[in-house]
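Read-outs: derived from the displayed coordinates by stated rules, not from any lab. These figures come from a predicted structure and were not determined experimentally. Cβ sites come from the backbone with ideal geometry, for glycine too, and all protein chains shown count toward neighbours.
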Amino acid sequence: MVNYRRNLVPGATFFFTVALSNRHSNALTANIALLRTSFRKARAERPFSTDAIVILPEHLHAILTLPQGDTNVPLLWRRIKTVFTQGLIESGATLPQRDATGRTLWQRRFWERTIRDDVDLAQHIDYIHYNPVKHGLTATPSAWPYSSLHRFIRAGICTKDWGCPPGDGLCGEP
């Protein structure tokens with residue numbers, strides 16, 4: 001088995017991709033309130049900040065910053081996944097068992113990358129906010145409801161037409 005190495009830097013900012021096992025599912029967007037509750041519960045137990053996030057039907061991308069001294073990224077994601085999965089089961093959803101180690105809802109691992117500097121952070125934020133367009137889910141980034149882009153627009157960091165060339169109504173990678 002591969003020995004995964006994680007760059008566990010206390011208080012670091014990380015870019016994450018976390019996916020469901022069934023890449024044709026829509027469980028994340030169909031249960032967005034439960035996913036938000038999962039993040040809130042995990043944050044109450046292990047504080048972190050969400051710098052940017054986009055929720056797609058079967059995967060999500062997020063930039064999270066851990067508090068100084070905290071390096072336990074795997075525990076954070078385990079908690080978010082567990083609360084979400086338990087909430088689905090409590091709501092009556094049936095999730096088949098993978099094996100003795102768990103259910104089949106989530107992919108077992110997640111992908112993470114340590115953010116190096118402000119330029120790296122800005123590029124990953126742009127990637128996150130443009131992702132719904134990349135996946136063909138919407139024509140403009142601001143049309144996707146499950147994105148921190150709306151928080152950035154409200155804060156005046158970017159405009160509603162971010163990611164779209166002026167005048168033609170089409171979007172292109174910024």
Mind pulling the per residue volume of the convex hull built on the Cα atoms of the stretch 13-154? Å³ is fine.
119
Mean separation of Cα pairs under 8 Å and 6+ residues apart, divided by the residue count of the chain: what relative contact order is that in percent?
26
In debye to the nearest 20, the charge dipole size for the chain, taken about the Cα centre with +1 at each Lys and Arg Cβ and -1 at each Asp and Glu Cβ, equals 700
Under a GNM of the chain (C-alpha, springs under 10 Å), which listed residue has the highest mean-square fluctuation: Leu76, Leu95, Leu121?
Leu95
Please arrange His61, His129, His150 by how many other C-beta atoms lie within 10 Å of their C-beta, fewest to most.
His150, His61, His129
